[in-house]
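Reviewing the structure listed below.
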Amino acid sequence: MLLVMTATANEMRAAFPGGPVPAQGGTAAYELGGHALLLAVSGVGLVNTALMAGWLLGRADVAGAVNLGIAGGYDLQRTPLLRACFAEGEVWPEYGLLGADGLADARGIGFAQGRVRGEQVWDRLELSPREDAEAMNLGLGADWTPVTGVTVSGVSGTPERAALLREARGGGMESMEGFGLAYAAALAGKPFLEVRTISNLAGSRGAGDWDLKGALRALAGATATLFAAQSGACPATSNLT
């Protein structure tokens, strides 16, 4: 069984039209393309995500985790509105000693968050989306864009903040959950994949830089591609610890 988590019920409803939509903090069993899925709505933010991920990834029958949703894009030339993206890395830019520019020095307090593959985790996780998709028997779209995900507690409200995260952290898309589930899956030694569709230009409040409804519609197409019946590999636990 694969854990599939979204932050909100709207994202879950969009990802699986006609499927069950759990209440926040709840789960529902579902099957798509021959995949047994455990659907979960975590609620918005790192805390909600990490709490629910820790609970569900401890189940012996959960073989991997997928994070679905929408995201802000830092550069609409590279990641246009509605584009499906998958994370090849996740950054939490607020962990550590916070500076005047609003960025944190992850090593500034001297405490790593933990270890993955024997290496200390500070504010960044390198992911293996292609290998983990294969391990979970999932399909990545040929036109999807690989990006670094930036997970924040407060979304960028100004172009300056968005530019800082893009330039200083190499951000491609911004969410409030990605790092939480990615880190939980890594600690559990299970494969992980994060797929999001771009709903807006991060840092902009202009109506022309947003298409929330379109991104939710695009999420349904991305989900159909991801869980289309595949041949070959079966879901497996990856060796991450």
**OP:** Would you mind stating whether Glu134 is of a type outside the set (Phe, Trp, Tyr), out of contact with any Asp or Glu (no Cβ under 8 Å at 6 or more places or on another chain), open to solvent by 40 Å² or more (accessible area, probe 1.4 Å) and under 25 Å from Arg59 (Cα atoms)?
**Re:** yes
**OP:** Tell me, please, whether a residue that is aliphatic (A, V, I, L, M), in contact (Cβ under 8 Å) with a residue 60 or more places away in the chain, in a strand (DSSP E or B) and under 30 Å from Gly96 (Cβ atoms) can be found in the stretch 119-137.
**Re:** yes
**OP:** Return yes when Gly73 is on the phi > 0 side of the Ramachandran plot, open to solvent by less than 10 Å² (accessible area, probe 1.4 Å), at pLDDT 95 or above and in contact with a Lys or Arg (Cβ under 9 Å, 6 or more places away or on another chain) and no when it is not.
**Re:** no
**OP:** Could you please find all residues in the stretch 24-70 being open to solvent by less than 60 Å² (accessible area, probe 1.4 Å), among the hydrophobic types (A, V, I, L, M, F, W, C), out of contact with any strand residue (DSSP E or B) (no Cβ under 8 Å at 6 or more places or on another chain) and not in a strand (DSSP E or B)?
**Re:** Ala50
Original post:
Looking at the stretch 165-178, is at least one residue in a helix (DSSP H, G or I) and under 17 Å from Val4 (Cα atoms)?
Top reply: yes
Original post:
With (1) in contact with a Gly (Cβ under 6 Å, 6 or more places away or on another chain); (2) open to solvent by 10 Å² or more (accessible area, probe 1.4 Å); (3) in a loop (DSSP other than H, G, I, E, B) as the list, and Leu140 as the residue in question, which single condition is left unmet?
Top reply: (1)
**OP:** Determine if the stretch 139-152 includes at least one residue that is aliphatic (A, V, I, L, M) and over 30 Å from Ala228 (Cα atoms).
**Re:** yes
**OP:** Just need a number here: residues in the stretch 87-116 that are surrounded by fewer than 20 Cβ atoms within 10 Å (Cβ to Cβ), touching a helix residue (DSSP H, G or I) at 6+ places or on another chain (Cβ under 8 Å) and in a loop (DSSP other than H, G, I, E, B).
**Re:** 4
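The values are calculated or read from the model by the stated rules, or taken from the named source; none is laboratory data. Since we're looking at a predicted model, the values are computed, not measured. Because the Cβ atoms are built from the backbone with ideal geometry, glycine has one as well, and the counts that use them run over all protein chains shown. When the accessible area is computed, the model is the full protein with side chains, heavy atoms only, and any ligands, DNA or RNA have been set aside. Shrake-Rupley method; radii C 1.70, N 1.55, O 1.52, S 1.80 Å.
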